[in-house]
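To start, the structure under review is shown below, and the notes come after it.
Every read-out reported here was derived from the displayed coordinates using simple, explicitly stated rules and does not represent laboratory data. Here the structure is a predicted model, which is why all the values come from computation and not from measurement. Reconstructed Cβ throughout: ideal geometry from the backbone, glycine too, with neighbour counts over all protein chains shown.
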Amino acid sequence: MSAGAPFDLSLLSRTARVDDTGRVSIGGCDLTALADDLGTPLYVYDEDELRARCREYRVSFPGGAAYAGKAFLCAAMVRLVAEEGLDLDVASGGELHVALAAGFPAERVHLHGNNKSTDELRRALTAGIGQVIVDSGDELDRIDALVAKESCDPPDVLVRINPGVDAHTHEYLATGVVDSKFGFPLLDDLAFDAVVRIADSATARFGGLHAHIGSQILRREGFAAALERLAALIVRIEREVGIEVDEVNIGGGLGVRYVASDEAPTIAQHAALVREDFGAAIERAGADSRPRLSTEPGRSIAAPAGVTLYRVGTVKTIPGLRTYVSVDGGMSDNARPALYGAQYEAFVPSRATAPRDALVTIAGKHCEQGDLLVRDAELPGDIVPGDVVCTPVTGAYGYAMASNYNKLPRPAVVFVRDGVARVVVRRETFDDLLRSDVF
Ligand SMILES: Cc1ncc(COP(=O)(O)O)c(C=O)c1O
């Protein structure tokens, strides 16, 4: 896209529309009016987009798909996932609590985490959750003790394997390299020994293997390499332990298009590739097992469905250097740019088709120079305080990572559909900031 060209509307979700004057609506709701009515910063989710993406995963992965709640979780999202027929991956006692409190069927919940506490495991086991993805020998010790003490049923467990592959993503998002805190490494038989231990155990049932190699992955090679290594492990399990492997979960990780120049596979394309690579790996390895291939995406369901609305407070030009457009949120509602240099685009939803002839930096309001939401944003040159600015593709790991830094109340979250805006998480108040204080 050339400098000054209007915002690329294809970054918006499926119900986004722009009228003759350049005003943008999503789910039949005008974005500028939403900001006026509900305040800013505001997280807006296109409910049709969320549902369509869940459905695409369900159809593309007949072996099973669980939504990874860490990307964005609240009671309304839990219910949406339940209605769309996906399972739910939770990674802490808190996520488990939200899932169960919102009525998600326990038997469709999968528990993750590299350091699950005894309390988290107790809650999960006594609730009768569907799967525990075990990550360490200490965790297996805790499960042994809990099953003996609480007389709950032995859980179905998948063994999280660290396959030692490069996912071709940001270092902080790569979880499957050898030097990782997650999973059992293939090195020194650590992964194999964990499978043997579970296969011989009376307190856990071996359900299969799991590998999540990272996030925001746009290339096929990392998944293919992980599947190749899992296939070799499967053959060894068949030959030396004498059991077949029923399930292989390839984790989440599919990347999305954040900026106009990004290219990302669709969910269906990604599914076709990993299924092809898995089939080929199983054939080549000569395995007897025909495991079902499952997945647990977060970002590729939630990110493209969400946008964030901010209001501009100041416009400050440092001559010859840069113009800072400061908005009323920042790293407390979207930590990704400060955390790992994540890039976003921006547009003004009251005039999205206007030429964007100013190159500015959109800054947050926090007391950190690193609190820059978009370093090089193209915006209309007439941007002024009071304008609403929108950053698209913020639906994953945005609200989920929100904090109260500088004592900013967390924003509201609204689901829009068919012209109706439903607040699903209310905006925090100043009193909420004192909720946990002991006077
Ligand atoms: C174990 C596990 N599964 C699934 C996911 C979801 O990944 P993504 O949001 O990239 O799809 C993550 C993300 O960190 C994860 O750690």
What lysines sit close enough to residue 149 to cross-link, taking a C-alpha to C-alpha distance under 20 Å and skipping anything fewer than 8 places away on the same chain? 116
In whole Å, what are the Cα extents of the chain along the three principal axes, biggest one first? 70, 55, 41
Give me 250, 143, 383 ranked fewest to most by other Cβ atoms within 10 Å of their Cβ, as a rough exposure proxy. 383, 143, 250
Would you mind putting 205-214, 323-332 in packing order, based on average other-beta-carbon counts within 10 Å, highest first? 205-214, 323-332
For a quick check: with amide H placed at 1.01 Å from N, whose amide H comes under 5 Å from residue 358's, ignoring anything fewer than 5 positions away on the same chain? 379, 381
Percent of alpha carbon pairs in region 10-168 separated by more than 26 Å? 42 percent
Measure nothing but the geometry: give the 0 to 90° angle between the long axis through the Cα atoms of 118-127 and the longest principal axis through the Cα atoms of the chain, rounded to 10°. 80 degrees
Through the Karplus equation 6.51 cos²θ - 1.76 cosθ + 1.60, θ set to phi - 60°, convert the phi angles of region 397-404 into ³J(HN,Hα) values in whole Hz; use x for Gly and Pro. 6, x, 4, 4, 9, 5, 9, 9
Give the residue from 394, 145, 361 lying farthest towards the positive end of the charge dipole for the chain; charges sit on Cβ (+1 for Lys and Arg, -1 for Asp and Glu) and the dipole is referred to the Cα centre. 361
Using each residue's phi in region 183-189, evaluate 6.51 cos²θ - 1.76 cosθ + 1.60 at θ = phi - 60° and report the 3J(HN,Hα) Karplus result to the nearest Hz, with x for Gly and Pro. x, 9, x, 6, 4, 6, 6
After finding the eigenvalues of the alpha carbon gyration tensor for region 385-439, what semi-axes result from the square roots of 5 times each, listed largest first in whole Å? 25, 15, 13
Across 70/407; 181/407; 70/365; 70/181, pairs whose alpha-carbon gap is larger than 29 Å: 181/407
Separation between Cα centres of region 10-26 and region 406-439, rounded to whole Å: 26 Å
About its Cα centre, how strong a charge dipole does region 6-136 have in debye, to the nearest 20, once Lys and Arg get +1 and Asp and Glu get -1 at the Cβ? 480 debye
